[in-house]
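Student: Below you'll find the structure I mean.
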Amino acid sequence: MKMEKLTANHTNQILLTAKKENYNIIIIDTSSELCERNVAAIEHADLLLIPTLQDVTSGWKVILFKEILDNLNVSREKVALVINRCTRYSGFNNQEFQTETGYPIISEINDMSKWIQKYVNKGIPIENTGKRKISGPFQKLASNVLKKVGK
C-alpha cells in the first residue's frame with residue numbers, strides 16, 4: 001500500500017497492533033503535511049517531537065502548528081522541540097522558542113553540516129564515525145526522549 005492511501009483507520013490499527021505486541025517505543029517519522037494519517041499518529045503519541053531551526057520562519061511555523069495541536073487537544077506536556085543546526089547566531093534563541101511556543105526544548109543538535117556531509121555522502125552512519133562530537137548530540141537526544149517517556 002502506498003503511503004498516500006494510508007488512512008487514519010489504517011494508522012490506528014497499525015499503532016494498536018504495535019502496542020499489543022508490547023513494543024517499548026514506537027517511532028513514527030511523519031511528513032509535515034496535516035493529513036488524517038498524521039493526525040491519527042499525533043493523537044496516539046506519548047511524545048511528539050518537533051524538529052525546528054532557530055530562524056524566524058521556522059519559529060512562526062512552530063507557533064502555527066502549536067495552534068493546530070491546541071485545537072486537537074494535544075497536551076503540551078506531550079510536545080517537545082528539537083533544535084536542529086543550533087548556533088548562537090540565529091534569529092531566535094532557545095529561550096525565545098520556549099517562551100513563544102510553550103514547549104520545552106528536549107535537545108539541541110549543533111550545526112555540524114560540514115562534518116556530517118562527508119559521512120552522509122559515503123553512506124556512513126553517524127554512530128559509526130567514532131566522533132563523539134558528532135554522535136554525542138544524537139545520543140543525548142535519545143537519552144532525553146527515553147527519560148521523557150519514562151523508559
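Student: Across the stretch 120-151, what is the number of residues that are more than 21 Å from Ala45 (Cα to Cα), of a type in the set (Val, Ile, Thr) and either open to solvent by 50 Å² or more (accessible area, probe 1.4 Å) or not in a helix (DSSP H, G or I) (or both)?
Tutor: Final tally of qualifying residues: 2.
Student: Here are the criteria: (1) assigned to a strand (DSSP E or B); (2) out of contact with any Leu (no Cβ under 7 Å at 6 or more places or on another chain); (3) open to solvent by 50 Å² or more (accessible area, probe 1.4 Å); (4) more than 23 Å from Asn12 (Cα to Cα). Tell me which single one Leu81 does not satisfy.
Tutor: Among (1) assigned to a strand (DSSP E or B); (2) out of contact with any Leu (no Cβ under 7 Å at 6 or more places or on another chain); (3) open to solvent by 50 Å² or more (accessible area, probe 1.4 Å); (4) more than 23 Å from Asn12 (Cα to Cα), Leu81 violates only (3).
Student: Would you mention how many residues in the stretch 1-46 are within 19 Å of Leu146 (Cβ to Cβ), open to solvent by less than 100 Å² (accessible area, probe 1.4 Å) and under 17 Å from the mean Cα position of the chain (by Cα)?
Tutor: Selection size over the stretch 1-46: 5.
Student: Phe97 - would you say it is assigned to a helix (DSSP H, G or I), open to solvent by 50 Å² or more (accessible area, probe 1.4 Å), hydrophobic (A, V, I, L, M, F, W, C) and touching a helix residue (DSSP H, G or I) at 6+ places or on another chain (Cβ under 9 Å)?
Tutor: No, not satisfied.
Student: Of all residues in the stretch 88-111, which are touching a strand residue (DSSP E or B) at 6+ places or on another chain (Cβ under 8 Å) and either of a type in the set (A, V, I, L, M, F, W, C) or free of Cβ contacts under 8 Å to residues at least 24 places away in the same chain (or both)?
Tutor: Phe97, Gln98, Ile105, Ile106, Ile109
The values are calculated or read from the model by the stated rules, or taken from the named source; none is laboratory data. None of the values given here were measured: they were computed from a predicted structure. Note that each Cβ is placed from the backbone with ideal geometry, even for glycine, and that neighbours are counted across all protein chains shown. What goes into the accessible areas is simple: the full protein's heavy atoms, side chains included, and nothing from ligands, DNA or RNA. Shrake-Rupley method; radii C 1.70, N 1.55, O 1.52, S 1.80 Å.
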